Amino acid sequence: MMKTFLEKHAKKIFWLCMIIAQYIGALLFKDLADISQWFVQSDRETTMWVWYNRHGIAIIALLAFGVMIGLKYIQRNIIGNKTFITLGLIFAFSFFSGMMNPHLMMRDRMHNGHFVSVEAAKKYLRPHESVIVMEIHGKARAHSDKQLLRPHVAGKPVTEGQDNVVMTYCGLTNLGMAYIPEINGKPLDLAPANQLRNNLVMWDRHSGEPVQQLWGQHEADRNHGLPSKMKEWPTFRMPFERFAEAYPDGEVFVNDYLVADMRPTFWENPFLAVYDPIMESIFKLAISYQAYYDEPTFPTVEYKDMRLPSKEKVWGLNIGEDYVAYTERFVRMQPNPINVAIGEQNIVLHFDETYESLGIFYNHTGKDIQDINFFGETEFGKLARVETVKAGAYWIIWADFFPQTDVNRL
């Protein structure tokens, strides 16, 4: 009886399973593949629904595709071989792009970042190349945009006496943000997932929760209005050659699967030897478009706030709910350091010409600061850097996430 039923309805079952598999594959591609947002946009709610349910719907898609293969094996003439292979390849591409490619394409280095000395880094970085810097107990780490572009998350194994700090990076936002990866005392294991509104979305392997880079929160916590988030660590930008002068004993992150003399050869891993250069080219294309055109690479944000040019780089910060963005040009035009109140805190902004770096510091001295150097040293003592500074982010994205922002406050 079962055989008779299959013979009678095999084609209907086959095409029903084909529709289910292809629909789910397309859904995974659209919402999780990242690169798909060049062509089609999805609202945040849909993307998050697909993320939370990705394993369940992926199993359904694989089961449906398995039934198709079984029916094709039982009835060879149920569909032509060429058509079957074509449909199978389409499904395989969309399924791989959504479920596996993001994790392979953006292999994080949260616990095993490759750091080299300043001298060794001169082989990989250009002198004027901008680096994102953070200091941990007097030890400085530099991260170039190019080296961070693929892993998106870079850190080192935590050792005794060393704070657990990781650098997160989004090339679309042109933003490196350092975080202590824990929320409410619970550690996070961060890895890149995709992007929304031209900003990196990571995920926490421990909880499975998405984490938007600019928010630093679990998606569920933000949806429920909970304040829990990762603690930011101060970062700033400067040219690599100036970093070498300021921190001769510093460390520089180098992406071991990006540079030619570190990544696997064709004979060691033929797949990655072909795959990685292709992915690098795609990433470079997207980032180049983002840098040189007014429109965002992924049309998921609109240029609404025209107080600054779309791709102007800003140094955005917040103290509590008070958000302010500064341009480097504005700070450099001022005859003296900018002494300003942000969120009822006194803040000092200063562009250091020697090290070519814009510094933003807390001012707890009770005095207006007229003379300050790159390291935050003043006649009243050394000032601490503001940890919420986002150094060099594109205005269109900063203003989209924080529309309440003030601009170039004096």
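Rounded to the nearest whole Å², what accessible area per residue is found for segment 338-405 with the 1.4 Å probe? Mind showing how you got there, number by number?
Values: 2760 Å² over 68 residues.
Solvent-accessible surface per residue comes out at 41 Å².
Please compute the modelled spin-label separation between Ala384 and Lys123, points set 7 Å along Cα→Cβ, answer in nm with one decimal.
Each label point is offset 7 Å from its Cα along the Cβ direction, giving 3.9 nm.
Kindly point out which whole DSSP H helices in the chain project their C-alpha atoms 15 angstrom or further along the helix axis while averaging a Kyte-Doolittle hydropathy of -0.5 or above.
On the way: long enough: 2-32 (41 Å, 0.66); 54-74 (30 Å, 1.62); 81-99 (26 Å, 1.22); 270-292 (34 Å, 0.66).
Span-like helices in the chain: 2-32, 54-74, 81-99, 270-292.
List the relative contact order of segment 270-410 as a percent without decimals, with contacts defined as Cα pairs under 8 Å and 6+ residues apart.
On the way: 217 pairs, mean separation 38.2, N = 141.
Reported relative contact order: 27 percent.
Using the Cα gyration tensor of segment 116-193, with a ≥ b ≥ c the square roots of its eigenvalues, what is the shape: rounded (a/c below 1.5), prolate (a/b larger than b/c) or oblate (neither)?
Numbers: a/c = 2.29, a/b = 1.34, b/c = 1.71.
Since a/c reaches 1.5 but b/c is at least a/b, the shape of segment 116-193 is classed as oblate.
So, in Å, what gap is there between the alpha-carbon centers of segment 253-314 and segment 393-410?
23 Å
Answer with a single label: of (i) 1.01; (ii) 1.14; (iii) 1.49, which was calculated as Cα Rg over 2.2 N^0.38 Å from the structure in view?
(ii)
Step through the residues of segment 395-408 one at a time and calculate ³J(HN,Hα) from phi using the Karplus curve (6.51 cos²θ - 1.76 cosθ + 1.60, θ = phi - 60°), rounding each to whole Hz and writing x for Gly and Pro.
Working through the residues one at a time gives 4, 4, 7, 4, 5, 5, 7, 10, x, 7, 5, 8, 10, 6 Hz.
Would you mind working out the accessible area per residue for segment 77-186, using a 1.4 Å probe, and quoting it in Å²?
For segment 77-186, the solvent-accessible area averages 43 Å² per residue.
At 1.4 Å probe size, with the rest of the protein present, what percent of the exposed accessible area of segment 225-317 is carbon and sulfur atoms? Don't skip to the end; give the middle numbers.
Numbers: 2930 of 4900 Å².
After summing per-atom areas, the C and S share lands at 60 percent.
Taking 0.36 nm per intervening residue step and subtracting the Cα-Cα distance, what contour gain separates Phe375 from Gln345 on full extension?
Numbers: separation 30, 0.36 × 30 = 10.80 nm, distance 1.98 nm.
Length difference between fully extended and current span is 8.8 nm.
Can you tell me, using C-alpha contacts under 8 Å and at least 6 residues apart, the relative contact order of segment 33-165 as a whole percent? Could you put the intermediate results ahead of the total?
Working: 72 pairs, mean separation 32.9, N = 133.
Across segment 33-165, relative contact order equals 25 percent.
Along segment 107-120, what does the Karplus equation 6.51 cos²θ - 1.76 cosθ + 1.60 (θ = phi - 60°) give for ³J(HN,Hα), rounded to whole Hz, x for Gly and Pro?
5, 6, 10, 5, 10, 9, x, 9, 10, 10, 5, 4, 5, 5
I'd like the distance between the alpha-carbon centres of segment 156-210 and segment 324-360, rounded to an integer number of Å.
That distance is 27 Å.
Ignoring ligands, DNA and RNA, what accessible area per residue does segment 203-311 give at 1.4 Å, in Å²?
On a per-residue basis, segment 203-311 sits at 52 Å².
The values are calculated or read from the model by the stated rules, or taken from the named source; none is laboratory data. Treat the numbers as computed from the prediction; the structure is a model and nothing was measured. Glycine gets a Cβ as well: all are built from the backbone with ideal geometry, and neighbour counts include every protein chain shown. Side chains included, ligands, DNA and RNA excluded: accessible areas come from the protein's heavy atoms. Shrake-Rupley method; radii C 1.70, N 1.55, O 1.52, S 1.80 Å.
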